[in-house]
Amino acid sequence: MILRAVLRGGAFVVVGLVAFGAGVYADQALPDWIPYIANHQTGRVNTAELQDAIRVIQAEYVDGNLDTTKMSQGTISGLVASLGDPYSAYYDPDQYKKLQAAYEGRYSGIGVYVTFGSSYPLITGTVPGSPAAKAGLQSGDQVLKVGGRDASGMTAELATSLIQGPDGTQVTLTIKRDTSTFDVTITRAEIQVPSVRSTVIGDHVLYVRIYSFGSTTFDDFASVLSANLASSKSMVLDLRDNPGGFVDQADSVISDFVASGETFEEHGRNGSVTRHSVSGTHPAASIPLVVLVNANSASAAEIVAGSLQVHERAKLVGAKTFGKGSEQQDFPLKNGTAGDLHLTIKRWYLPDGTTVDHVGLTPDLSVALANSNDEFDVVQPTVGIDKDIQLNAALGLLAAK
């Protein structure tokens, strides 16, 4: 069985396209539908107490009409929650199906950019022409409820599962904007999310925004370089609000800019270390480069930005990044629930051996952007770059080279 590992950040681009994946593969034996419980005294697997609890509930609970599927899923969810890891999760079959579609950059949802913290999810933007944009959702809106469910502290995975749904169905969000609170009912639609967009700005500066590292990101990125690199004097790589993605895609992007050395390394159980080296033909190894980052740049985006910084290949401009240095992998459960275990399996480190976990990357040039709406929108380039002081700072660095 070939399984793909997953990185998830503290944000996700477009509800439904969560911060995903890594290019790490492994063959794993899957647990039975009754999960294993480790006995901390002996270090051995012990399911006796769990099985006894299940037996007692089935035999004695006042309502004999038990939903055993829900019991199984609840048991597994509780086991994962006991790890105390915000990036590990259990997905029921429907949630897992939606996430698989999201990995490919396609889903049925509303098209909204959202970040997550300890409080309520915060909308940072909408996809042009999406249901969310048409409904009038704006950057800075807080999501208080999703379908009547309190969203305080809600994870990206849970929000995705609640907001996604079949094309043509509706979801109601309770929004707080400034001092007002109101409900918005939005009809879901099929959305295809591009991971890479580009344009040329200033004095032949190739501007490339990578929204997330999806399954086609490297191919899309390679096409942009092929079409524009020869006529460009310098380049800005925008990783702001990029929640992460497939590690193999991030690895390949680094290799386009760096000709030799290590891209990043992974540390697993029992002290195992896997070092990744650059590969490919490095078409952009010499073009002057600046990378834009902010507090929502996470996971695989931090691998790219951090590796380019460590190699002194690019200066980072913007704000300190999110700080997530772990990898997750999906383990589909084939027996009983047919759900999926999404577990942290490794931690990654930059080529110099440092971790960004709970720390983030510090930009070479810190520039605060007062409002996320001021970010340059490559989808609407005619709006211009005047308000984007982070991008203008990056252009200033390039002009000084």
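Data table
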read-out	value
Positive-end extreme of charge dipole, the chain - chosen from 367, 306, 399 (charges on Cβ)	399
Between the stretch 273-328 and the stretch 147-226, the alpha-carbon center distance in angstrom	22
Whichever lysines have a C-alpha closer than 18 Å to that of residue 401, once near sequence neighbours (fewer than 8 apart) are set aside	233, 315
The stretch 294-401: relative contact order in percent, alpha carbon pairs under 8 Å with at least 6 residues between	26
Amide hydrogen neighbours beyond the local backbone of residue 264, cut-off 5 Å, H modeled	276
Lys, Arg +1 and Asp, Glu -1 on Cβ, resulting dipole of the stretch 107-192 about Cα centre, debye, nearest 20	100
Choice from 69, 216, 355 showing the highest fluctuation, given a GNM over the chain with Cα pairs closer than 10 Å	69
GNM flexibility winner over the chain from 198, 299, 231 (Cα, springs under 10 Å)	231
Magnitude of the charge dipole, the chain, Cβ model with Lys/Arg +1 and Asp/Glu -1, debye to 20	280
Prolate/oblate/rounded label for the stretch 173-222 (Cα gyration tensor, a/c 1.5)	oblate
Principal axis box of the stretch 182-304, alpha-carbon based, largest edge first, Å	52, 49, 25
Percent RCO, i.e. relative contact order, over the stretch 212-288, from Cα pairs under 8 Å lying at least 6 residues apart	34
Ascending count of other beta-carbon atoms within 10 Å, so fewest first, for 235, 71, 154	71, 154, 235
Within a Gaussian network of the chain (alpha carbon springs, distance under 10 Å), most fluctuating of 159, 250, 48	48
Using alpha-carbon coordinates, inclination of helix 300-310 to the longest axis of the chain, degrees	40
Whole-number percent relative contact order across the chain, with pairs defined as alpha carbons under 8 Å at least 6 apart	19
Shape of the stretch 88-150, Cα gyration tensor, a/c cut at 1.5	oblate
Test item: Cα-centred dipole of the stretch 161-253, Lys/Arg +1 and Asp/Glu -1 on Cβ, debye	260
FRET efficiency, 1/(1 + (r/R0)^6) with R0 35 Å, evaluated for residue 49 and residue 177 via beta carbons	0.10
Using alpha-carbon coordinates, inclination of helix 389-400 to the longest axis of the chain, degrees	50
Too-long pairs where the Cα-Cα distance tops 23 Å, listed order kept, from 98/176; 70/324; 70/346; 70/334; 97/334	98/176; 70/324; 70/346
Positive-end residue, the chain charge dipole about Cα centroid, Cβ charges, pick of 152, 175, 187	175
Mean Cβ neighbour count within 10 Å, used as a protection proxy, ranking 199-210, 365-376, 304-315 highest first	304-315, 199-210, 365-376
Descending semi-axes in whole angstrom, ellipsoid equivalent of the chain, from the Cα gyration tensor	38, 27, 17
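Only the coordinates and a few stated rules stand behind these numbers; no lab work does. Note that this is a predicted model, so its numbers are computed, not measured. With ideal geometry, Cβ positions are generated from the backbone for all residues, glycine too; neighbour counts draw on all protein chains shown.
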